[in-house]
Amino acid sequence: MKKYAMMVLGCKVNDYEAHYLKEQLDKDYTEVKFNEEADIYIVFSCCVTNIAESKTRKFIHRIKKEHPNAYTVVIGCYVQSKHDDEVFKDVDLLVGSSHKDKIKEYIDKMVKADLYEKDITPKFEELFMADYKGKTRSFLKIQDGCDQYCAYCIIPYARGHERSGDFYKLIDQAKRLSEHSKEIVLTGIHTGRYHDGDHDLAELISELSKIDDLETIRLSSIEITEINDKIIKEMKEGKLAHHLHIPVQAGSDDILKAMYRPYTIKEFLDKIEDIRKEIPDILISTDLIVGFPGETDELFARTIDFIKEANLSFIHCFPYAKKDGTKASLSKDQIPGDIKKARAQKVAEVQKDITEKIWSSYIGKKVTVLTEVYKDGFTSGHSKEYLPISIMAKIDSGKMVNVKIINTKSGRMIGEVSEDVVE
Ligand code: SF4
């Protein structure tokens with residue numbers, strides 16, 4: 001059997017697609033570690049930042065240097081956005097943002113006949129797998145592509161136009177996944193825009209909530225403008241987790257406008273207040289970019305005010321990274337690296353206090369946790385509100401457990417099994 005090794009860079013969608021490919025390849029090939037000898041080396045590329053691009057190039061160079069006789073396969077966003085890059089000169093198989101359902105077929109043909117294929121037209125690829133191996137929660141890709149063209153983002157160029165999965169096929173796939181996982185995370189590039197004919201995201205969640213074995217449905221993220229009454233109803237009555245990751249990206253209207261984000265800070269805050277009225281135990285987290293071109297000290301101060309007012313459970317804060325090919329990269333008002341770094345540190349400091357207060361408010365309360373890994377006397381996991389919990393017991397992964405929070409310490413919430421293991 002020929003051997004393959006895989007390196008996956010970038011986002012959850014790449015991770016999902018790589019798992020799908022592994023499942024296909026494992027029928028006829030043997031997987032080895034990336035630093036071992038293989039016949040085929042596969043890189044799932046990413047172009048979301050210049051650093052991600054440079055990592056992609058680095059891995060391709062490494063394969064060519066260390067394994068000159070092996071086949072090299074490069075897949076994904078970087079291929080789609082820069083398929084004329086010199087680095088691809090000696091790559092045997094390039095696949096961009098579509099035809100991912102055919103990669104195994106291409107590899108088979110390539111191994112037999114050195115076939116070279118190149119991606120041309122995007123369509124939604126189902127990439128359904130029998131089991132999302134090695135994960136306590138399963139991921140289901142429901143949507144791909146984006147038509148929003150935020151000023152800092154290369155994704156619309158890399159992954160193409162928005163497209164969604166077939167409603168009924170997704171339900172069938174979720175049923176299969178629920179045989180192995182209690183929780184399914186619905187992923188996509190712009191998940192809130194899921195749309196298949198008359199079926200929208202809320203309807204998909206409603207149908208998935210009817211699957212008996214499934215305990216929790218989670219959204220990888222959703223835009224504030226896409227949260228409507230139907231989605232809130234699914235949190236109240238269906239199985240949609242009481243946690244939403246809503247990327248705000250900037251804390252002032254001026255920067256939101258420069259980023260082409262379609263809302264104001266007031267609209268964002270009003271909306272989360274409305275959601276909290278309906279779902280009092282909801283936790284909301286966000287992504288935030290600091291040091292976007294033109295962000296003055298005053299605009300950054302507004303960002304800090306926003307963070308204090310929003311009271312979010314966590315913030316993924318990124319210093320702005322200039323991305324070639326995007327509108328923002330052409331701006332003359334780039335912010336120096338040391339200022340961007342200092343601003344990201346300030347956000348982390350302010351948010352730390354907020355997160356700690358939220359965590360402390362859970363002491364004595366009960367949460368339901370999906371268990372992940374046991375290590376050093378604790379089983380880690382995440383609650384339905386996506387709180388990181390360390391349970392003082394050894395529990396198999398993938399179980400739903402009721403846990404009472406007893407303390408918060410060293411960046412984690414400590415809990416004990418409160419009563420019965422749910423399942
Ligand atoms: S919504 Fe904006 S940030 Fe998100 S993928 Fe689309 S262009 Fe990028």
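Quick notes
- Restricting attention to the range 275-305, the residues that are in contact (Cβ under 8 Å) with a residue 24 or more places away in the chain and closer than 22 Å to Leu219 by Cβ add up to 12.
- Residues that are acidic (Asp, Glu) and at pLDDT below 95, drawn from the range 223-254: Glu237
- So Asp147, is it within 10 Å of the ligand (Cβ to nearest atom), surrounded by fewer than 20 Cβ atoms within 10 Å (Cβ to Cβ), without any contact (Cβ under 8 Å) to a residue 60 or more places away in the chain and among the acidic types (Asp, Glu): yes
- Some residue of the range 325-343 being crowded, with 16+ Cβ neighbours inside 10 Å and either touching a strand residue (DSSP E or B) at 6+ places or on another chain (Cβ under 7 Å) or farther than 30 Å from Ser81 by Cβ (or both): yes
- Hits in the range 226-270 (condition: free of Cβ contacts under 8 Å to residues at least 40 places away in the same chain, within 16 Å of the ligand (Cβ to nearest atom) and touching a helix residue (DSSP H, G or I) at 6+ places or on another chain (Cβ under 9 Å)): Glu226, Leu256, Tyr263
- Flag if Phe88 is among the aromatic types (Phe, Trp, Tyr), at pLDDT below 90 and within 30 Å of Tyr320 (Cα to Cα): yes
- The listed residues are Ile189, Ile217, and the only one of them that is touching a strand residue (DSSP E or B) at 6+ places or on another chain (Cβ under 8 Å) and within 16 Å of the ligand (Cβ to nearest atom) turns out to be Ile189.
- For the range 321-346, taking the residues that are part of a loop (DSSP other than H, G, I, E, B) and of a type in the set (A, V, I, L, M), the one that is farthest from Ser285 (Cα to Cα) is identified as Ile335.
The values are calculated or read from the model by the stated rules, or taken from the named source; none is laboratory data. Treat the numbers as computed from the prediction; the structure is a model and nothing was measured. Glycine gets a Cβ as well: all are built from the backbone with ideal geometry, and neighbour counts include every protein chain shown.
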